[in-house]
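Worksheet for the structure shown next.
The values are calculated or read from the model by the stated rules, or taken from the named source; none is laboratory data. Since the structure is predicted, the reported quantities are computational estimates derived from the model, not experimental observations. Every residue, glycine among them, receives a Cβ derived from its backbone with ideal geometry; neighbour counts consider all protein chains shown. Each accessible area value is taken on the protein alone, full model and side chains, heavy atoms only, with ligands, DNA and RNA left out. Shrake-Rupley method; radii C 1.70, N 1.55, O 1.52, S 1.80 Å.
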Amino acid sequence: MENDLAAVEKAKLDLSYCEIRSPISGRAGNLLVHAGNLVKVSDVALVVVNQIEPIFVSFGVPEQHLGDIRKNSANRKLPVHVSLQNDPSRTVSGFLSVVDNTVDNTTGTIRLKATFDNHEHILWPGQFVNMRLILGTYSKALTIPEAARF
């Protein structure tokens, strides 16, 4: 009886070697290998899995704003709002999660990364969006409508 149980456990273990599980949940893209391809350990990716929830958006800002970003993000999470290029009325809100540790000396920009819950899957990997990073707000500020300027 114990031999049978051991054989069943070995069969389960052998079968588990036939599965490949992603370390993250997300959306799988097209297969990068097909039947007949030779696959070795650490050779090529089989498929690319992109995380959808949460999703991260990278963007750059001119280095002249780095001081303000660092000062305002020191004691709170800075809100970031994105809108889709083809539908500016749809916006998603998140927060600034990473300020890169160097300024790109070829472009004069600092790379930032924002995190969004993306429960409704509005944002998609590789998609271009319009970003708004909120450094602060003014209370009791006098404002006029845009139309009044002309």
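Among the trypsin sites (Lys or Arg not before Pro) in the stretch 79-150, those located in a DSSP loop and surrounded by at most 11 other Cβ atoms within 10 Å of their own Cβ are K140. Within the chain, what's the longest stretch lacking GluC sites (Glu not before Pro) that sit in DSSP loops with no more than 12 other Cβ atoms inside 10 Å? By the stated rule (loop sites, at most 12 other Cβ atoms within 10 Å), 20-119. Cross-link partners for K113 among the lysines, with Cα-Cα distance under 18 Å and sequence neighbours closer than 8 places in the same chain left out: K71, K77. Taking amide H atoms as placed 1.01 Å from N in the peptide plane, the amide H of E53 has no partner under 5 Å among residues 5 or more positions away or on other chains. Between T106 and A74, full extension at 0.36 nm per residue minus the direct alpha carbon distance yields a gain of 8.8 nm.
If R0 is 41 Å, the Cβ-Cβ spacing of K10 and A141 corresponds to a FRET efficiency of close to 0.05. A simple rule links phi to the HN-Hα coupling: the Karplus curve 6.51 cos²θ - 1.76 cosθ + 1.60 with θ = phi - 60°, which for the stretch 123-128 gives 8, 10, x, x, 6, 8 Hz, with x for Gly and Pro.
Just want to confirm a number: the relative contact order over the chain, from Cα pairs under 8 angstrom separated by 6+ residues, in percent. If you can, show how the numbers build up before the last one.
Values: 183 pairs, mean separation 35.3, N = 150.
24 percent.
Taking a ≥ b ≥ c as the square roots of the eigenvalues of the alpha carbon gyration tensor, the stretch 51-150 is oblate, as a/c is not under 1.5 and a/b does not beat b/c. Residues in the stretch 14-24 carry Karplus couplings, in order, of 4, 5, 5, 6, 8, 10, 10, 10, 6, x, 10 Hz; the curve used is 6.51 cos²θ - 1.76 cosθ + 1.60 with θ = phi - 60°, and Gly or Pro positions show x.
Carbon-plus-sulfur accessible fraction, the stretch 90-145 (probe radius 1.4 Å, protein heavy atoms only): 53%. Here the Karplus curve 6.51 cos²θ - 1.76 cosθ + 1.60, taken at θ = phi - 60°, turns the phi angles of the stretch 104-121 into couplings of 6, 6, 7, 10, x, 10, 10, 8, 10, 9, 10, 10, 10, 4, 6, 4, 8, 6 Hz, with x standing for Gly and Pro. For the chain, a crude dipole built from +1 on the beta carbon of Lys and Arg and -1 on the beta carbon of Asp and Glu, taken about the Cα centre, is about 760 debye to the nearest 20. Solvent-accessible surface (1.4 Å probe) assigned to S139 amounts to roughly 100 Å².
If the chain linking S58 and E120 were pulled fully straight, counting 0.36 nm for each residue of separation and taking away their Cα-Cα distance, it would gain 20.4 nm.
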